[in-house]
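Here the structure is laid out as structure tokens; the discussion comes afterwards.
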Amino acid sequence: MNSPATSSVAAKEQCAHCGLDCPDNGIALDGAAFCCEGCRIVYQMLAENDLDSYYCAAPTDGSPGNRAAAEIDPGDFDYLEDESLLARLLDFRSDTLAIARLNIPGIHCASCVWLLENLHKLDPGVLQSEVNFMRKELLLRFDPRRSSLRAVVELLHKIAYPPDIRLAAARSAEPPKTPRIEWLRLGVAGFCFGNIMLFSFPEYLAGAQGLSGEFGQLFAWLNLALSLPVLLFSAAPFFRSALTGLRGGNVNIDVPIALGIVVLFLRSLVDIAVLGAPGFLDSMAALVFLLLLGRMFQRKTYDRLAFDRDYAAYFPLSVRIETTEGRTTTRSLDQLEVGDIIVVRNGELIPADALLLSDSAALDYSFVTGESAAQHSAKNDLVYAGGRLTGSPARFQTIKPVSQSYLTDLWNNGIFADEKHAGFSDLTNRFSKYFTFGVVVVAAAAGLYWALAAGDWSAAADAVTASLIVACPCALALAAPFTFGTSLGLLARRGLYVKNSETLELLAATSAIVFDKTGTLTSAEPAQLRYHGLECTVQEAAMTLNTAQASNHPLSRGIVSVLREQVDADDLSAVGDAIIDEVAGKGLRADFYSGHQVLIGAAEWLREQGADMSGELPTRESAAHIAVDGRYMGAFVQKNYLRRGIRAMLEKLRGAFNIYLLSGDTPQQEADFVNMLSGAFGGKQHLRFGRSPQDKLEFLDELERGGATTLMLGDGLNDAGALRRSTVGVAVVENNAAFTPASDAILEARALAGLPQFLQYARRGLGIVKLSILLSLLYNVVGLTLAVQGLLSPLVSAVLMPLSSITVIVFSTLSARLLAPREVKQ
Amino acid sequence: MSVIVVLIGCSLLLALGFLSAFVWAVRSGQFDDSYTPSMRILFDGRGANKGISQSEAQEKNSVRRSDKLHKQ
């Protein structure tokens, strides 16, 4: 490879590494252009190691590279040397082998998979690296003698695939993938079912007279042998669940199922061994196989999503600590002590309540409090855990341990200790109580009749066992899994990921809906602003930009991002410095040394400040008005302040539910919002502002105590308590790779407007389950009628039982598809 | 008569062969990730495993063994 000849890139080219447009001062190397030094380093490193086919490995558009992140400091990963932490981060460790699972959010295409699976070329200590694309996870095996976790993590940073390292405790709470044993159970049941059917077929075809002795016996004994793995291995979960249920005094749906399976087997054993009859083992195998299939179908796992997360998952693993000698080093968060001096950089979280040691710092608490404006702290101010630092790095001294800080306080509330929905039993299980009771009564009555009235004891045994067999609620147990399984799949495709079918059932019962404001109804990212008003000169634009840069208000940040494209650096420096005052909730006033004055803010405030407001624009949305030297110029209007379709959605919901809004912002800040939406919410009393995370939790608690079934939609940590206390808590996210608070469902923000349809669909789903249960009951009535008369032959049973199951499966799957509202189906 | 018994034995053996193939597939993790392998097939000649030397391949095998031990 030639030595890098760095020169300036002339035209707007695309970066050879990350595919973004190169800026005018981009870098070129060997005819390839780069947007930044970081991308060039990655490109060069890959080229030198013969890995440049990375850029052509995948037939995707553009270049596969992630934009190179900021450079890392040598001490950034000191904590990865910490033995106690390593023990928790590594899945396995011996002298010659260590295994780690790293979550890498940057994985997005086949090239990523290719490069990450070739890590051994960049670090010979890596033995094997394997990507799970859906989980965005790298399974890493390395030789601890030749490499280390720290070395690999630093390497990953260098090639722009920074891993997101969190504690194992937070990770193990994620929903497990379908365990291998479940596949084995299903496979074994399927195998036995198929072969038992093969040996049972001759019996069916032989008709009433039965098979000749030898064959009948041979096939029956073979069936018996094949049914053992089904009974002992495949059906084990049903027995276990039934036992747990009975011990807890709870007759769940698995009780009649387990009873049916046991009776099926015992009756068949007696039939085959004593009476020389064929037995009912074909029915038993079919039943277990279909039930397992139902379980599998219902087990929806969303690879990238985690529903259960506690506060620890929000924090970084390590903190940067300044030692007494003035050096900085990183330490794992567990070892952070009160009194430590920590250094926090732009975009990082404050891990514990602390005092600010630097002169000033801007903190964004939106994630914790829901308040969108950044707060400015001065030296010796108390800052709370969970604040995100924006701007230049700052030093803090911790005054509380992590576990007792403001952010974690919420988790000390009792509701986080209880298991959610602990007392809830779903429709199938509620029904199962009566069903089991009814079947036992019918079976006993039939037995008593045959034994006492007819005096035929063998007929009595026949009728009792046949009743219990035919009443085995296989079809009933399949109704909910197949209906809800289909619904969960359809909803997930539209952007609503529901944790499980239980949650879907609770969703159908919703009576009150509570929305968070910031990040849920409104977009969390600063929306694109548009300028309306008089044409302004470059100088005026530059002064406005200079003024807006001083503030961290979302509108100011929006103005900066618009104006920065129109004002170049020379014009900006030409306007000189200014004294800038920010009046919280009102606006900004800048007095330039050149004598000019710029006002940005609310129209009312501009008038108070003496601006001539004759040309004021009437605005309904959030707007920042501008006046230069007392003359009104116009306003930056925030478009798409609300997400699309929100108003229509609220109008639709208001008819059927009580809807509320909870916001961390003060009513003053939100005057526009109140005007805009109090109608849609059905009055101002439904809009509650200035709510702390604790207030939100209590509001939900009050609703729940009032008998409402609540649905809470929120996005940040500040909603975590409310999400937990609500019957169904839904976390709203911009994209499904984002980090969410613990919740029962995750909703992509783009799909929020579809909420009324989702709720309607959940209710329809419940209706379908009820109909399916009715359908399976009809079959049971037919079967029981035959059974109590002693007319249930193995053939009738082998036809009737799978037929009822398959009818229910087809009915529930098809109707769950067909009855989906158009919005859900697309 | 005895022919049928032999045939039944053969068919059962065959079926058991398929069952053990299934068990092996589940155990070796083929059901754990059903998506990524579809991407791996796109990699051409310079794919992940081609560049690995003999000794490295042996090492990989020992890795698998220890991985199994670990799981048990």
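The values are calculated or read from the model by the stated rules, or taken from the named source; none is laboratory data. Just so it is clear, the model here is predicted, and its values are computed rather than measured. In this analysis, Cβ positions are derived from the backbone assuming ideal geometry, glycine residues included, and neighbour counts consider all displayed protein chains.
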**Item:** Selection count, the stretch A:511-527, where residues are surrounded by fewer than 22 Cβ atoms within 10 Å (Cβ to Cβ) and at pLDDT 85 or above
**Value:** 2
**Complete:** Screening A:R494, A:R564, A:R530, A:R557 for residues that are basic (K, R), surrounded by 16 or more Cβ atoms within 10 Å (Cβ to Cβ) and over 21 Å from A:M649 (Cβ atoms) leaves only A:R557
**Request:** Answer with yes or no whether A:E651 is of a type in the set (D, E, K, R) and modelled with pLDDT of 85 or more.
**Result:** yes
**Asked** Would a scan of the stretch A:744-763 turn up a residue that is more than 22 Å from A:T520 (Cα to Cα), of a type outside the set (G, A, S) and in contact (Cβ under 8 Å) with a residue 60 or more places away in the chain?
**Response** yes
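Output yes when any residue across the stretch A:476-484 is in a loop (DSSP other than H, G, I, E, B), hydrophobic (A, V, I, L, M, F, W, C) and in contact (Cβ under 8 Å) with a residue 40 or more places away in the chain, and no when none is.
No; the residues of the stretch A:476-484 include none that is in a loop (DSSP other than H, G, I, E, B), hydrophobic (A, V, I, L, M, F, W, C) and in contact (Cβ under 8 Å) with a residue 40 or more places away in the chain.
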**Complete:** Of (1) modelled with pLDDT of 90 or more; (2) surrounded by fewer than 22 Cβ atoms within 10 Å (Cβ to Cβ); (3) within 14 Å of chain B (Cβ to nearest Cβ), A:F191 satisfies every one except (2)
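Going by what's in this entry, would B:S2 be described as over 25 Å from A:G190 (Cβ atoms), surrounded by fewer than 16 Cβ atoms within 10 Å (Cβ to Cβ) and more than 8 Å from chain A (Cβ to nearest Cβ)?
yes
Could you tell me whether any residue of the stretch A:772-792 is farther than 30 Å from A:A453 by Cβ, free of Cβ contacts under 8 Å to residues at least 40 places away in the same chain and in a helix (DSSP H, G or I)? Can you show your working first?
Going through the stretch A:772-792, the residues farther than 30 Å from A:A453 by Cβ turn out to be A:772-776.
Still in the list and also free of Cβ contacts under 8 Å to residues at least 40 places away in the same chain: A:774.
With the extra rule that they be in a helix (DSSP H, G or I), the set shrinks to A:774.
The answer is yes; a qualifying residue exists.
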**Request:** With a cut-off of at least 1 residues that are within 11 Å of chain B (Cβ to nearest Cβ) and at pLDDT 85 or above, name the strands (runs of 3 or more DSSP E) lying wholly within the stretch A:81-184.
**Result:** A:98-103, A:126-132, A:137-142
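For the stretch A:704-720, name all the residues that are assigned to a helix (DSSP H, G or I) and farther than 24 Å from A:A753 by Cα.
Of everything in the stretch A:704-720, those that are assigned to a helix (DSSP H, G or I) and farther than 24 Å from A:A753 by Cα turn out to be A:E704, A:R705.
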**Prompt:** Among A:V782, A:V788, A:V808, which is the only one that is surrounded by fewer than 21 Cβ atoms within 10 Å (Cβ to Cβ) and farther than 24 Å from A:T710 by Cβ?
**Reply:** A:V782
**Message:** Considering only the stretch A:194-206, I want to know if a residue exists there that is over 30 Å from B:V3 (Cα atoms), modelled with pLDDT under 80, surrounded by fewer than 16 Cβ atoms within 10 Å (Cβ to Cβ) and away from every other protein chain (no Cβ under 14 Å).
**Reply:** no
**Request:** Could you tell me whether the stretch A:530-551 includes any residue that is modelled with pLDDT of 80 or more, of a type in the set (V, I, T) and closer than 24 Å to A:A362 by Cβ?
**Result:** yes
**Message:** Condition first: modelled with pLDDT under 85 and in contact with a Phe, Trp or Tyr (Cβ under 9 Å, 6 or more places away or on another chain). Now tell me which residues in the stretch A:726-747 satisfy that.
**Reply:** A:V733, A:N736, A:F739, A:T740, A:P741, A:A742, A:S743
**Request:** Among the residues of the stretch A:229-256, write down those that are assigned to a loop (DSSP other than H, G, I, E, B) and closer than 20 Å to A:L186 by Cα.
**Result:** A:A235, A:I253
